[in-house]
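Here the structure comes first, spelled out in structure tokens, and everything after it is commentary.
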Amino acid sequence: GRILGALSLGGGEVREFPPGERHFLISIGNEIGIALERAQLLQRAQDRARELESLVSVTREMVSSLDLQEVLDRSLEIICRQVVATRGFICLLDEKNGELTAKTFSGDIVTPPGKVWKIGEGVVGWVAQHLQPIVCDDIATDPRIRGSQGPSLDNHSALAAPLKVKDRLLGVVILASREKAAFNVTHLRLLSAYAAEASMALENALLHEEVKHQASTD
């Protein structure tokens with residue numbers, strides 16, 4: 001019942017195709033449809049296998065350090081590389097005041113000095129509030145987004161995901177583009193997968209920072 005494409009045959013003369021030829025064409029079309037479906041399933045399985053292999057590789061790379069800034073920088077670089085994005089940043093949540101501050105950047109993205117996002121503000125705040133990833137085709141007109149300065153900074157579409165461990169929000173990773181509708185659901189799936197791995201590396205680094213702070217305080 002699913003349409004994969006269309007098969008069309010023609011000739012150089014005007015004539016009516018008899019029922020036998022039409023039935024034969026239908027049968028051939030069904031067989032080609034089955035072959036196409038199998039090829040598509042195989043292609044998806046191969047793509048998924050490559051993604052999993054890449055995920056294992058970059059996970060090792062992300063967790064190889066406990067230095068917080070190094071983990072942030074490396075995670076963003078890996079995410080931009082794997083999702084094929086040219087600009088982005090990672091914000092960390094300050095649990096005391098509920099604000100998110102950008103800690104590392106990639107590409108030529110620009111944010112105002114000292115810019116912080118409150119929960120619910122802009123794309124970053126939406127993700128922090130809902131703890132869900134988002135594809136935003138047009139920041140200026142998306143009804144979910146309020147208070148965003150993205151368009152004024154030449155960011156017109158965005159892709160973002162929470163950095164979280166269970167239900168604890170650590171931060172938000174956001175990729176942006178000058179173009180509208182630059183990202184799709186495939187990009188979103190990839191970002192979500194790599195954000196989950198980055199979250200574990202980030203939690204380890206944050207715990208390490210906390211232990212160092214407690215040791216110096218003691």
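The values are calculated or read from the model by the stated rules, or taken from the named source; none is laboratory data. A quick note: this is a predicted structure, and the numbers were derived from the prediction, not measured. Counting neighbours? That spans all protein chains shown, and the Cβs are built from the backbone with ideal geometry, glycine included. Calculation scope for accessible area: heavy atoms of the full protein, side chains included, ligands and nucleic acids excluded. Shrake-Rupley method; radii C 1.70, N 1.55, O 1.52, S 1.80 Å.
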Can residue 138 be described as closer than 23 Å to residue 98 by Cβ and assigned to a loop (DSSP other than H, G, I, E, B)?
-> no
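Please work out which residue is least open to solvent (accessible area, probe 1.4 Å), limiting yourself to the stretch 100-123 and to residues that are polar (S, T, N, Q) and over 19 Å from residue 168 (Cα atoms).
Going residue by residue through the stretch 100-123, those that are polar (S, T, N, Q) are 101, 104, 106, 111.
Going one step further and asking which of them are over 19 Å from residue 168 (Cα atoms), we end up with 104, 106, 111.
Details: 104: 10, 106: 29, 111: 32 Å².
Top of the filtered list is 104.
Using the structure shown, decide if residue 209 is out of contact with any Pro (no Cβ under 9 Å at 6 or more places or on another chain) and under 21 Å from residue 84 (Cβ atoms). Steps first, please.
On the way: out of contact with any Pro (no Cβ under 9 Å at 6 or more places or on another chain): yes; under 21 Å from residue 84 (Cβ atoms): no.
Here the answer is no, as residue 209 does not meet what is asked.
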Please determine, by comparing only the residues of the stretch 146-163 that are more than 15 Å from residue 190 (Cα to Cα) and surrounded by 21 or more Cβ atoms within 10 Å (Cβ to Cβ), which one is modelled with the lowest pLDDT.
-> 150
Residue 126 passes all but one of (1) buried (at least 17 other Cβ atoms within 10 Å of the Cβ); (2) out of contact with any helix residue (DSSP H, G or I) (no Cβ under 9 Å at 6 or more places or on another chain); (3) under 13 Å from residue 176 (Cβ atoms); which number fails?
-> (3)
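If you check 41, 36, 52, which single one turns out to be assigned to a helix (DSSP H, G or I), surrounded by 10 or more Cβ atoms within 10 Å (Cβ to Cβ), within 41 Å of the chain's Cα centre (by Cα) and modelled with pLDDT under 85? Let's see the steps before the verdict.
Numbers: 41 fails: modelled with pLDDT under 85; 36 fails: modelled with pLDDT under 85.
Only one candidate qualifies: 52.
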Close pairs (8 angstrom Cβ cut-off, 6 or more residues apart or separate chains): more than 20 Å from residue 152 (Cβ to Cβ) in the stretch 93-111, β-branched (Val, Ile, Thr) and open to solvent by less than 30 Å² (accessible area, probe 1.4 Å) anywhere | 93/172; 103/90; 104/90
Of the conditions (1) at pLDDT 85 or above; (2) closer than 30 Å to residue 192 by Cβ, residue 63 clears all except one; give me its number.
-> (1)
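Please enumerate the residues belonging to the stretch 164-201 that are part of a strand (DSSP E or B), open to solvent by less than 70 Å² (accessible area, probe 1.4 Å) and either farther than 16 Å from residue 137 by Cβ or among the β-branched types (Val, Ile, Thr) (or both). Reasoning before the result, please.
Kept after step one, since they are part of a strand (DSSP E or B), are these residues of the stretch 164-201: 164-165, 168-177.
The next check asks that each one be open to solvent by less than 70 Å² (accessible area, probe 1.4 Å); those that pass are 165, 169-177.
Within the stretch 164-201, 165, 169, 170, 171, 172, 173, 174 qualify.
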